[in-house]
1. For residues that are within 16 Å of residue 100 (Cα to Cα) and touching a helix residue (DSSP H, G or I) at 6+ places or on another chain (Cβ under 6 Å), tally how many sit in segment 49-58.
2. Kindly indicate whether any position in segment 51-59 is touching a strand residue (DSSP E or B) at 6+ places or on another chain (Cβ under 6 Å) and of a type in the set (A, V, I, L, M).
3. Could you count how many residues in segment 128-150 are surrounded by 18 or more Cβ atoms within 10 Å (Cβ to Cβ) and not hydrophobic (A, V, I, L, M, F, W, C)?
4. So which residues in segment 93-107 are loosely packed, with under 14 Cβ neighbours inside 10 Å and small (Gly, Ala, Ser), if there are any at all?
5. Name the single residue that is surrounded by the most Cβ atoms within 10 Å (Cβ to Cβ) among those in segment 55-85 being under 22 Å from residue 9 (Cα atoms) and of a type in the set (D, E, K, R).
6. Every residue in segment 1-37 that is loosely packed, with under 13 Cβ neighbours inside 10 Å and outside any loop (DSSP other than H, G, I, E, B), please.
7. Name the residue, out of 106, 86, 73, that is in contact with an Asp or Glu (Cβ under 9 Å, 6 or more places away or on another chain), modelled with pLDDT of 95 or more and of a type in the set (Lys, Arg).
8. Anything in segment 1-48 that is over 30 Å from residue 120 (Cβ atoms), out of contact with any helix residue (DSSP H, G or I) (no Cβ under 8 Å at 6 or more places or on another chain) and among the acidic types (Asp, Glu)? List them, or say none.
Amino acid sequence: MLTVETPKDLRQHIGKTLGPSDWITVDQAMIDKFAEATGDHQWIHVDVERAKKEMPGGKTIAHGYLTLSLLPRLAPTLLKVNKRKRGINYGSNKIRFTNPVPAGSRIRLKQTIKAVEDVPDNGVRITSEMVIEVEGQERPALVAEVLGIQYS
């Protein structure tokens, strides 16, 4: 884990790759809860019996947006800012779902700090490339350029 004192100290780490994080398992229960929360009940995500017959690998797959939504769970395990008042999501420049996450798979995160720019009220906007890997897969499940603002 990278630990810095203030958000502005992240400037010293532009280009640095953090991680990987610990593995977390994306199981069917997590997929089902996400489907319930979002209303996305497409069979490739929730119909285990049909997936056994019709999906490559015979398993349901996680929603791409479920994979994306795990960034706030994984990212804090890679970076800590000691003197941070608050942080907010600012958005994404690019998100690609490059490989499925079959139910029961383990995933982890790598983060590369791409840019750190001053914003009003003593904050910085941090642009990071986030890559979520699937255990045993060569291609990542997700590659996203995301932005956050942290204030000190």
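1. We begin by selecting, within segment 49-58, every residue within 16 Å of residue 100 (Cα to Cα); these are 51-52, 54-58.
Cutting the leftovers down to touching a helix residue (DSSP H, G or I) at 6+ places or on another chain (Cβ under 6 Å) gives us 52, 58.
So the answer is 2.
2. Residues of segment 51-59 that are touching a strand residue (DSSP E or B) at 6+ places or on another chain (Cβ under 6 Å), as a first pass: 57, 59.
Next, only the ones that are of a type in the set (A, V, I, L, M) stay: none.
The answer is no, given that none of the residues of segment 51-59 is touching a strand residue (DSSP E or B) at 6+ places or on another chain (Cβ under 6 Å) and of a type in the set (A, V, I, L, M).
3. 5
4. Across segment 93-107, the qualifying residue is only 104.
5. My answer is 84.
6. 3, 12, 25, 29, 33, 36, 37
7. Numbers: 86 fails: in contact with an Asp or Glu (Cβ under 9 Å, 6 or more places away or on another chain); 73 fails: in contact with an Asp or Glu (Cβ under 9 Å, 6 or more places away or on another chain).
Exactly one residue qualifies, and that residue is 106.
8. Within segment 1-48, 27, 36, 47 qualify.
The values are calculated or read from the model by the stated rules, or taken from the named source; none is laboratory data. All figures in this text were calculated on a predicted structure; none of them were measured in a lab. So basically every Cβ, Gly included, is an ideal-geometry build from the backbone, and we count neighbours across all protein chains shown.
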